[in-house]
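The values are calculated or read from the model by the stated rules, or taken from the named source; none is laboratory data. Predicted model only: the values in this text are computed from it and were never measured. Counting neighbours? That spans all protein chains shown, and the Cβs are built from the backbone with ideal geometry, glycine included. The accessibility values were calculated without ligands, DNA or RNA, using every heavy atom of the protein model including side chains. Shrake-Rupley method; radii C 1.70, N 1.55, O 1.52, S 1.80 Å.
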Amino acid sequence: MSRARLLPADAEGIAEAAAIVRAGGLVAFPTETVYGLGALATDAGAVARAFAAKARPADNPLIVHVASLAELRGIAAPLGPLASTLAARWWPGPLTLVVAAHPALPRVVTGGLDTVAVRIPAHAAAAALLAAVGAGVAAPSANRSGRPSPTTSAHVLADLGADIDAVIDGGATAVGVESTVVDARGSAPIVLRDGAVTRAQLGLDDADIDHDAEVQRSPGSRHRHYAPACTVRGAEPGAVAAVVAAAVATGARVGVIATAPVAAPAVTVALFRDAEDLARRLYAALRDAEAAGVDLVVVETVPETGVGRAVMDRIRRASA
Ligand code: TXA
Ligand code: MG
């Protein structure tokens, strides 16, 4: 049962969506990464409703989205040199900066922290909505907590249709994995969550693998994430066929997300070309696997460089 309205990404739809947000309502909207669930950042009640709609743990802070640097006033303290440099280089775009929060920002947004995550998204509909709202919009990914992030308006409606006011339909998102979250308070960025902007693009060592440290750093990393109803298992390219065959032999119904079909009697859920392509399609494919009724979906792993780092992080968490 869905009560959310599906709004077109045109002038009328954006105006309608902005009015709902300004009035304290919840509107999901597309960004270049995934769909976000927007609530007015300065309205503690609206933000609390966003947490409730997602069933999100209160200690997992939200990203505040703005249309311009000027709109960070009242949200974040004035940006330091590193944050200013990263903002100038990457905004609008899929980089989220963790900086000192403004004292006036309701701490429900930050999960009680004195830091706040902020970004200016690059998607045209997101930019238009934020400009029309004219204030910061707190927006977690618009999935039920623990589920794969939504890359289409249909994914949003499937998870949250009964609990939010509207969703702006912008089609499938271009990047498919979330923004990169960095702590930008020091002299060099510290990656808290790998995402669309790669470590190499940030001038960091692409090969430095330190998963446990990351789990400590990002509050969101502590929670179960990105998981469909079926079991998810990663398999190296050379091992996919054997892993699938072994699972099929146990009588399980098996799905495959890989670069080539396998010979075993399994459901080919999605075929992808490379890490960028898998980034775009992973979350939809996990939902498709679930809809196909498989017990297990085997996902071919990708090299852990570039956006492959974010993709492998999500596969690991989905299979945890
Ligand atoms: O691409 C994205 O980032 C999407 C779109 C909608 O912008 N948003 C998104 O939001 O993925 P969410 O809430 O699913 O993830 C936000 C991440 C979480 O891992 C959270 O812990 C982290 O950002 N985060 C937020 N505020 C933080 C803070 N003050 N300190 C450290 N991590 C923070
Ligand atoms: Mg999320």
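Quick notes on this structure:
- Among the residues making up the range 296-320, those that are assigned to a loop (DSSP other than H, G, I, E, B) and in contact with a helix residue (DSSP H, G or I) (Cβ under 8 Å, 6 or more places away or on another chain) are Thr301, Val302, Pro303, Glu304, Thr305, Gly306, Val307.
- Residue count, the range 105-120 (criterion: part of a loop (DSSP other than H, G, I, E, B), of a type in the set (A, V, I, L, M, F, W, C) and either more than 10 Å from ligand 1 (Cβ to nearest atom) or buried (at least 18 other Cβ atoms within 10 Å of the Cβ) (or both)): 4
- Residue pairs whose Cβ atoms lie under 9 Å apart, separated by 6 or more positions or on different chains, with the first residue in the range 121-140 and more than 16 Å from ligand 2 (Cβ to nearest atom) and the second of a type in the set (Lys, Arg), are Ala132/Arg22; Val133/Arg22; Gly134/Arg22; Ala135/Arg22.
- Output for the range 267-319, where each listed residue is of a type in the set (Ser, Thr, Tyr) and open to solvent by 10 Å² or more (accessible area, probe 1.4 Å): Thr268, Thr301, Thr305, Ser319
- Residue check for Leu86: out of contact with any Gly (no Cβ under 8 Å at 6 or more places or on another chain) and more than 15 Å from ligand 2 (Cβ to nearest atom): yes
- Residue that is nearest to the chain's Cα centre (by Cα) [pool: residues in the range 226-257 that are buried (at least 23 other Cβ atoms within 10 Å of the Cβ) and assigned to a strand (DSSP E or B)]: Val232
- Number of residues in the range 33-51 that are touching a residue at least 40 places away in the same chain (Cβ under 8 Å) and closer than 20 Å to Leu6 by Cβ equals 7.
Residue-by-condition table, conditions (1) in contact with an Asp or Glu (Cβ under 9 Å, 6 or more places away or on another chain); (2) buried (at least 16 other Cβ atoms within 10 Å of the Cβ); (3) of a type in the set (S, T, N, Q):
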position: Ala53; (1), (2), (3): yes, yes, no
position: Gly74; (1), (2), (3): no, no, no
position: Arg89; (1), (2), (3): no, no, no
position: Gly93; (1), (2), (3): yes, yes, no
position: Thr96; (1), (2), (3): yes, yes, yes
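- Taking the criterion of being touching a Ser or Thr at 6+ places or on another chain (Cβ under 7 Å) and part of a loop (DSSP other than H, G, I, E, B), the residues of the range 121-135 that qualify are Pro121, His123, Ala135.
- Residues of the range 10-51 classified as of a type in the set (A, V, I, L, M), within 16 Å of ligand 2 (Cβ to nearest atom) and either open to solvent by 10 Å² or more (accessible area, probe 1.4 Å) or not in a helix (DSSP H, G or I) (or both), total: 5
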